[in-house]
Amino acid sequence: MPSISGSFSGNITQQFGLPLNDQSNHLLGIAEVNGTQNSPDPLWNDSKITYWGVNDLLNGEGSQTGYFNNVHVDGGRDFGTFEGKVSAAGGTMTVEGTFKFTGGDGQYRGVTGGSHVERCLRTGQSPGGLITRRASVRSRFAVERKHHQTQSCRNSSIPIG
(Lines give C-alpha, C1' and ligand atoms only; values in the text may rest on other atoms or scores of the structure.)
Protein backbone atom coordinates (compact mmCIF):
# COMPACT_ATOMS: atom_id res chain seq x y z
CA MET A 1 0.00 0.00 0.00
CA PRO A 2 1.41 3.45 -0.87
CA SER A 3 2.64 5.52 2.05
CA ILE A 4 2.62 9.29 1.69
CA SER A 5 3.58 11.91 4.23
CA GLY A 6 4.11 15.63 4.28
CA SER A 7 2.97 18.86 5.79
CA PHE A 8 0.80 21.83 5.04
CA SER A 9 0.82 25.49 5.90
CA GLY A 10 -2.25 27.68 5.71
CA ASN A 11 -4.24 30.57 7.10
CA ILE A 12 -7.61 30.97 8.74
CA THR A 13 -9.83 32.64 6.14
CA GLN A 14 -13.09 32.75 8.12
CA GLN A 15 -13.93 32.23 11.77
CA PHE A 16 -16.80 32.64 14.16
CA GLY A 17 -17.00 32.08 17.89
CA LEU A 18 -19.86 31.77 20.31
CA PRO A 19 -19.07 32.09 24.03
CA LEU A 20 -21.43 29.92 26.08
CA ASN A 21 -22.63 30.90 29.52
CA ASP A 22 -23.12 27.40 30.94
CA GLN A 23 -19.54 27.42 32.31
CA SER A 24 -16.88 30.09 32.41
CA ASN A 25 -14.43 30.04 29.46
CA HIS A 26 -16.64 27.75 27.34
CA LEU A 27 -16.50 28.49 23.60
CA LEU A 28 -17.90 26.97 20.42
CA GLY A 29 -15.95 28.05 17.37
CA ILE A 30 -15.95 27.33 13.66
CA ALA A 31 -13.18 28.20 11.22
CA GLU A 32 -12.19 27.73 7.61
CA VAL A 33 -8.50 27.19 6.83
CA ASN A 34 -6.91 27.28 3.36
CA GLY A 35 -3.40 26.15 2.58
CA THR A 36 -1.00 24.25 0.39
CA GLN A 37 0.28 20.71 0.94
CA ASN A 38 4.02 20.05 0.84
CA SER A 39 5.10 16.50 0.01
CA PRO A 40 7.98 14.92 -1.90
CA ASP A 41 5.31 12.91 -3.75
CA PRO A 42 4.25 14.90 -6.86
CA LEU A 43 0.66 13.61 -6.63
CA TRP A 44 0.24 15.38 -3.28
CA ASN A 45 2.74 18.23 -3.46
CA ASP A 46 1.23 21.69 -4.02
CA SER A 47 -2.35 20.43 -3.65
CA LYS A 48 -4.69 23.03 -2.18
CA ILE A 49 -6.49 22.02 0.99
CA THR A 50 -9.46 23.65 2.67
CA TYR A 51 -10.75 22.41 5.96
CA TRP A 52 -13.61 23.46 8.18
CA GLY A 53 -13.27 22.74 11.88
CA VAL A 54 -15.65 23.06 14.82
CA ASN A 55 -14.08 23.50 18.25
CA ASP A 56 -15.78 22.88 21.58
CA LEU A 57 -13.37 24.41 24.11
CA LEU A 58 -13.39 24.79 27.86
CA ASN A 59 -10.48 26.90 29.16
CA GLY A 60 -8.82 26.60 25.72
CA GLU A 61 -8.93 22.79 25.59
CA GLY A 62 -11.45 20.32 24.20
CA SER A 63 -12.30 18.76 20.87
CA GLN A 64 -12.29 19.59 17.17
CA THR A 65 -14.24 17.86 14.40
CA GLY A 66 -14.58 18.77 10.78
CA TYR A 67 -14.23 18.19 7.07
CA PHE A 68 -11.49 18.64 4.46
CA ASN A 69 -11.34 19.04 0.69
CA ASN A 70 -7.98 18.56 -1.02
CA VAL A 71 -7.69 19.69 -4.69
CA HIS A 72 -4.65 18.25 -6.46
CA VAL A 73 -2.59 19.94 -9.18
CA ASP A 74 -4.02 17.48 -11.76
CA GLY A 75 -7.57 18.66 -10.91
CA GLY A 76 -8.61 15.56 -8.98
CA ARG A 77 -9.54 15.77 -5.33
CA ASP A 78 -9.95 13.80 -2.14
CA PHE A 79 -12.12 14.72 0.81
CA GLY A 80 -13.05 13.44 4.23
CA THR A 81 -13.48 14.05 7.95
CA PHE A 82 -11.26 14.55 10.97
CA GLU A 83 -11.50 14.66 14.73
CA GLY A 84 -9.04 15.44 17.43
CA LYS A 85 -8.18 16.68 20.89
CA VAL A 86 -7.35 20.36 21.33
CA SER A 87 -4.78 21.59 23.85
CA ALA A 88 -3.26 25.02 24.35
CA ALA A 89 -0.02 26.26 25.87
CA GLY A 90 2.08 29.39 25.43
CA GLY A 91 0.10 30.93 22.57
CA THR A 92 0.02 27.68 20.56
CA MET A 93 -3.09 25.60 20.05
CA THR A 94 -2.41 21.99 19.06
CA VAL A 95 -4.94 19.61 17.57
CA GLU A 96 -3.93 15.97 17.60
CA GLY A 97 -6.20 13.34 16.13
CA THR A 98 -7.12 11.36 13.05
CA PHE A 99 -8.51 11.96 9.59
CA LYS A 100 -10.38 9.63 7.26
CA PHE A 101 -10.99 9.79 3.54
CA THR A 102 -14.66 9.58 2.59
CA GLY A 103 -14.20 9.93 -1.16
CA GLY A 104 -12.48 11.42 -4.13
CA ASP A 105 -12.82 12.10 -7.82
CA GLY A 106 -10.58 12.00 -10.85
CA GLN A 107 -7.72 9.59 -10.29
CA TYR A 108 -8.44 9.81 -6.53
CA ARG A 109 -11.86 8.15 -6.88
CA GLY A 110 -11.99 5.24 -4.45
CA VAL A 111 -9.26 6.55 -2.15
CA THR A 112 -9.65 5.02 1.32
CA GLY A 113 -7.81 5.10 4.60
CA GLY A 114 -6.73 7.79 6.96
CA SER A 115 -4.17 8.38 9.63
CA HIS A 116 -2.87 10.51 12.46
CA VAL A 117 -2.69 14.28 12.03
CA GLU A 118 -1.26 17.05 14.17
CA ARG A 119 -1.99 20.74 13.61
CA CYS A 120 -0.40 23.69 15.40
CA LEU A 121 -1.94 27.15 15.35
CA ARG A 122 0.37 29.90 16.55
CA THR A 123 -1.01 33.36 17.20
CA GLY A 124 -2.59 35.58 19.81
CA GLN A 125 -6.05 34.82 21.05
CA SER A 126 -9.13 36.90 21.50
CA PRO A 127 -10.59 37.16 25.02
CA GLY A 128 -12.92 34.22 24.32
CA GLY A 129 -10.03 32.01 23.22
CA LEU A 130 -10.77 32.20 19.49
CA ILE A 131 -7.69 32.21 17.30
CA THR A 132 -7.33 35.42 15.33
CA ARG A 133 -7.52 35.54 11.53
CA ARG A 134 -3.81 36.15 11.21
CA ALA A 135 -3.07 32.68 12.54
CA SER A 136 -0.66 30.50 10.66
CA VAL A 137 -1.54 26.84 10.63
CA ARG A 138 1.05 24.11 10.25
CA SER A 139 0.08 20.49 9.91
CA ARG A 140 1.82 17.16 9.46
CA PHE A 141 0.29 14.04 8.01
CA ALA A 142 1.32 10.50 7.24
CA VAL A 143 -1.09 8.09 5.64
CA GLU A 144 -1.34 4.71 4.06
CA ARG A 145 -3.51 5.43 1.03
CA LYS A 146 -5.40 2.59 -0.62
CA HIS A 147 -6.24 3.45 -4.14
CA HIS A 148 -8.22 1.67 -6.88
CA GLN A 149 -5.76 2.95 -9.49
CA THR A 150 -2.51 1.61 -8.11
CA GLN A 151 -0.42 3.38 -10.76
CA SER A 152 -1.41 6.78 -9.35
CA CYS A 153 0.43 6.32 -6.03
CA ARG A 154 3.98 5.10 -5.78
CA ASN A 155 4.99 2.68 -3.05
CA SER A 156 7.25 4.91 -1.00
CA SER A 157 7.73 5.74 2.64
CA ILE A 158 8.65 9.36 3.26
CA PRO A 159 9.47 10.59 6.76
CA ILE A 160 7.94 13.83 7.99
CA GLY A 161 10.66 16.49 8.04
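The values are calculated or read from the model by the stated rules, or taken from the named source; none is laboratory data. Worth saying up front: this structure is predicted, and the values here are computed from it rather than measured. Here the Cβ is made from the backbone with ideal geometry for all residues, glycine too, and neighbour counts use every protein chain on show.
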### Summary
When Ala88 is run through (1) closer than 20 Å to Ser115 by Cβ; (2) surrounded by 14 or more Cβ atoms within 10 Å (Cβ to Cβ); (3) modelled with pLDDT under 90, the failure sits at (1)
### Query
If we scan the stretch 97-106, do we find a residue that is over 22 Å from Asn70 (Cβ atoms), at pLDDT 50 or above and not aliphatic (A, V, I, L, M)?
no
### Task
Scan Gly35, Gly80 and give me the residue that is touching a Lys or Arg at 6+ places or on another chain (Cβ under 6 Å) and within 24 Å of Arg109 (Cβ to Cβ).
Gly80
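Hey, could you check the stretch 1-11 for residues that are over 22 Å from Gly66 (Cβ atoms) and in contact with a Ser or Thr (Cβ under 8 Å, 6 or more places away or on another chain) and say which is surrounded by the fewest Cβ atoms within 10 Å (Cβ to Cβ)? Lay out the reasoning, then the answer.
The first filter runs over the stretch 1-11 and keeps only residues over 22 Å from Gly66 (Cβ atoms), leaving 1-3.
So of that shortlist, the ones also in contact with a Ser or Thr (Cβ under 8 Å, 6 or more places away or on another chain) come out as 2-3.
Values: Pro2: 18, Ser3: 16.
So the residue we want is Ser3.
Hey, any hits in the stretch 26-45 for a residue that's on the phi > 0 side of the Ramachandran plot and not hydrophobic (A, V, I, L, M, F, W, C)?
Filtering the stretch 26-45 for residues on the phi > 0 side of the Ramachandran plot gives none.
No, that holds for no residue.
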### Message
I need a count of the residues in the stretch 25-47 that are in contact with a Ser or Thr (Cβ under 8 Å, 6 or more places away or on another chain), under 17 Å from Phe82 (Cα atoms) and not aliphatic (A, V, I, L, M).
### Response
4
